[in-house]
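The values are calculated or read from the model by the stated rules, or taken from the named source; none is laboratory data. The structure displayed is predicted, hence computed values, not measured ones. Because the Cβ atoms are built from the backbone with ideal geometry, glycine has one as well, and the counts that use them run over all protein chains shown.
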Amino acid sequence: MPMIPNTFIDELLARTDIVDVVESRVPLQRAGREFRARCPFHDERSPSFWVSPTKQFYHCFGCGAHGSAIKFLMEYDRTEFVDAVEDLAGRVGLKVPYEQRGGRAQGERDFADLYEVLDAANRFFQSHLPKSDKARAYLERRRIDPAMVERFGLGFAPDSWDALKQALASRVQNTKLLDQAGLTSSNDQGRNYDKFRDRLMFPIHDRRNRVIAFGGRVLDPEGTPKYLNSPETPLFQKGRELYALNQVRLAHSKITRLIVVEGYVDVIALFQFGITQAVATLGTATTRDHAELLFRNAADVYFCFDGDRAGRSAAWRAVENVLPRMREGRQAHFLFLPDGEDPDTLIRQEGSQGFEDRLKAAQPLSEFFFAHQEIETDLGTADGRARLAEKCKSMIAGIPEGAFRDRMQEMLVEKSTIRWNLPMALGSVRDKAEAMLDERVAALRGQSTVAPVLAPVRRRVDANAPKISLVRAAIALLLQKPQLALAIDPPYLFSELRQPGVQLLVDMLGIVRVRPEITSALLLEALSDRDESDALHKLAMMAFPAAPEHWQAEFNDALSNLDRQTRTQRLNDLMKRQSEVGLSGMSDAEKAELRELHRGIGR
């Protein structure tokens, strides 16, 4: 899988104006030095979505959505990280450098060549479909409309060992590209031949509508395998792609649901009958990447499986990967089909309304979860109920906090009659950080000796709001202007201070010293994986009444006060030790440090 160097991401975000990126998709209104709008990520009547041109990030005070220009494109366009980076790079005239995981560079031109080869192969297959009587007979037998054949770009691979290879030989300077694109294979004798032969071809597209792979359906009843997919390539990883997601995105500006089926023809049949939210996994079980991709595009996901043992086993594998991604607002449903039926045959028998009725009656994730876990469990006995609790509690603990996890826990308590606590730190660093920052986010003031550090800008001022701690004042200033850290040389005395947020502040100082040109947006991006990330974005949106030229003095003063608190902390530690062991029990170094601290604090 190719990677993009962090240095390039830094340069890209530094050259990108987030206001231009957001405004190309959401109308913005100027509000002082910043811009605001109704949030594009949740329904609201009054604007709570703010974009900061100076800090180069966005934040919604309603739903908490926040991030850089890259994150905005990923969430708004429902696209992948690499696609968002390429989009921004095109805007500012940069070429995206790629690296393989082993460190070997792979140039952009290599991928452009792969895309060109795959596109040429797609045109080749499409040109041969009208020439194949049995391919056209198969489409007629499956009652696939010509409009669907054209819409999904179906084609035919001739029954020849090297027809595609010969057709593209004049266009492909390096024949290795055919192997890299997954279009040819080699046998033990080193002979190179077409991978797809005598098959109906289904092109697989990425979210930018580019051909990245193929699926081939055998037409000979005795032929095997029935379906053959492209091997994994630099452009195609089957566990991360969904067939026809590009078609769903083309058909809907806002996708309200996605219906996951198992076959290419099932997808096409649903589209043909007007159900244009169908996608398919590519010959593999539902993966975690699939689950994230599905929910990134739609809040409601319906999984369609056969009703037999194999279908229910596949559904359970989907549950295992979906549960950890069931954040607020997401819903998953499971539709099990009658024996011998698939979405293609079912919708032709019952029509679109009949299929819609089945979707409405689909089993919610919670019901299927417990129905599966209760198999071979006797809830009529105490031991059976205890067994159910043990089977379920670790999986429920992995669900993100919110109403869904609360309901799942309630259902387990009802079924097992056992009350239990989630085996996870509900008082996590993230919870604590958000609680302390949220209560101050409306009115943040400093405690330094120079002047008040923070003032509210986006919310009503609460005159009785508690004052912000020195640590958070320093963090807030650093988020406004990261270069404040360059005036303070390590080691930092206050790093020993036992206060919430000290380690975060030390880490932020370290990041800035390593990357002295870093912006506010990039600093937040560097901290995006931390538990405090959401709270930091809220704090970063605060503005300061003091002019920027006074920020360095405020920052230096805050750190000086933290150093003073650290010395006081150390003095208290030594005095406590003295009371426990007596002066004679202390080492000479401890006695000297105690005297020095007494003199220093007394001055």
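So the values come out like this:
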| item | result |
| --- | --- |
| Conditions (1) farther than 18 Å from Arg325 by Cβ; (2) without any contact (Cβ under 8 Å) to a residue 12 or more places away in the chain; (3) assigned to a helix (DSSP H, G or I); number of the one not met by Gly380 | (3) |
| Selection from region 210-231 of residues that are in contact (Cβ under 8 Å) with a residue 12 or more places away in the chain and of a type outside the set (A, V, I, L, M, F, W, C) | Arg210, Gly215, Gly216, Arg217, Asp220, Gly223, Tyr227, Asn229, Ser230, Pro231 |
| Verdict on Phe196 being touching a strand residue (DSSP E or B) at 6+ places or on another chain (Cβ under 6 Å), in contact (Cβ under 8 Å) with a residue 24 or more places away in the chain and hydrophobic (A, V, I, L, M, F, W, C) | yes |
| Selection within region 325-353 - touching a residue at least 12 places away in the same chain (Cβ under 8 Å), part of a loop (DSSP other than H, G, I, E, B) and not charged (D, E, K, R) | Met326, Gly329, Pro338 |
| Subset of region 50-104 [outside any loop (DSSP other than H, G, I, E, B), among the acidic types (Asp, Glu) and closer than 24 Å to Cys39 by Cα] | Glu75, Asp83, Asp87 |
| Qualifying strands (runs of 3 or more DSSP E) (wholly inside region 112-217; at least 2 residues being of a type in the set (S, T, N, Q)) | 184-186 |
| Residue within region 274-281 that is under 25 Å from Gly329 (Cβ atoms), touching a helix residue (DSSP H, G or I) at 6+ places or on another chain (Cβ under 8 Å), hydroxyl-bearing (Ser, Thr, Tyr) and at pLDDT 90 or above present | yes |
| Every residue from region 201-243 that is among the hydrophobic types (A, V, I, L, M, F, W, C) and under 20 Å from the mean Cα position of the chain (by Cα) | Leu235, Phe236, Leu242 |
| Per-region count, region 510-567, residues farther than 30 Å from Arg599 by Cβ, of a type outside the set (D, E, K, R) and part of a helix (DSSP H, G or I) | 19 |
| Subset of region 325-366 [on the phi > 0 side of the Ramachandran plot, at pLDDT below 95 and surrounded by 13 or more Cβ atoms within 10 Å (Cβ to Cβ)] | Gly329 |
| Test result for Val26, in a loop (DSSP other than H, G, I, E, B), modelled with pLDDT of 85 or more, under 27 Å from Asn209 (Cα atoms) and aliphatic (A, V, I, L, M) | yes |
| Hits in region 356-382 - residues which are in contact with a strand residue (DSSP E or B) (Cβ under 9 Å, 6 or more places away or on another chain) and under 18 Å from Val267 (Cβ atoms) | Arg358, Leu359, Ala362 |
| Yes/no for Val260 being under 18 Å from Phe202 (Cα atoms) and part of a helix (DSSP H, G or I) | no |
| Given (1) in a helix (DSSP H, G or I); (2) crowded, with 17+ Cβ neighbours inside 10 Å; (3) assigned by TED's automatic domain parsing to the domain that holds Thr286, index of the condition Ile255 fails | (1) |
| Residue among Asp133, Asp162 that is acidic (Asp, Glu) and modelled with pLDDT under 90 | Asp162 |
| Those residues of region 286-306 which are under 15 Å from Glu328 (Cα atoms) and either among the β-branched types (Val, Ile, Thr) or in a strand (DSSP E or B) (or both), in sequence order | Asp300, Val301 |
| Pair list, Cβ under 6 Å, 6 or more apart: region 408-429 residue within 18 Å of Thr381 (Cα to Cα) and part of a helix (DSSP H, G or I), other residue at pLDDT below 80 and of a type outside the set (Ser, Thr, Tyr) | Val413/Arg419 |
| Which numbered condition Leu597 misses (of (1) at pLDDT 80 or above; (2) part of a helix (DSSP H, G or I); (3) of a type in the set (A, V, I, L, M)) | (1) |
| Residue selected from region 294-324 under the condition crowded, with 20+ Cβ neighbours inside 10 Å and within 17 Å of the chain's Cα centre (by Cα), by the criterion farthest from Arg405 (Cα to Cα) | Asn297 |
| Subset of region 367-393 [surrounded by fewer than 16 Cβ atoms within 10 Å (Cβ to Cβ), within 36 Å of the chain's Cα centre (by Cα) and small (Gly, Ala, Ser)] | Ala371, Ala386 |
| When residues of region 559-583 are limited to those that are of a type outside the set (S, T, N, Q) and touching an Asp or Glu at 6+ places or on another chain (Cβ under 8 Å), the one farthest from Leu470 (Cα to Cα) | Arg577 |
| Search result, residues across region 221-252 that are touching a Pro at 6+ places or on another chain (Cβ under 7 Å) and assigned to a helix (DSSP H, G or I) | none |
| Matching residues in region 268-285 - criterion: being under 16 Å from Asn229 (Cα atoms) and in a helix (DSSP H, G or I) | none |
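Residue-by-condition table, conditions (1) surrounded by fewer than 22 Cβ atoms within 10 Å (Cβ to Cβ); (2) touching a Leu at 6+ places or on another chain (Cβ under 8 Å); (3) at pLDDT 85 or above; (4) within 25 Å of Asp573 (Cβ to Cβ):
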residue	(1), (2), (3), (4)
Tyr492	yes, yes, yes, yes
Pro500	yes, no, yes, yes
Gly510	yes, no, yes, no
Glu517	yes, no, no, no
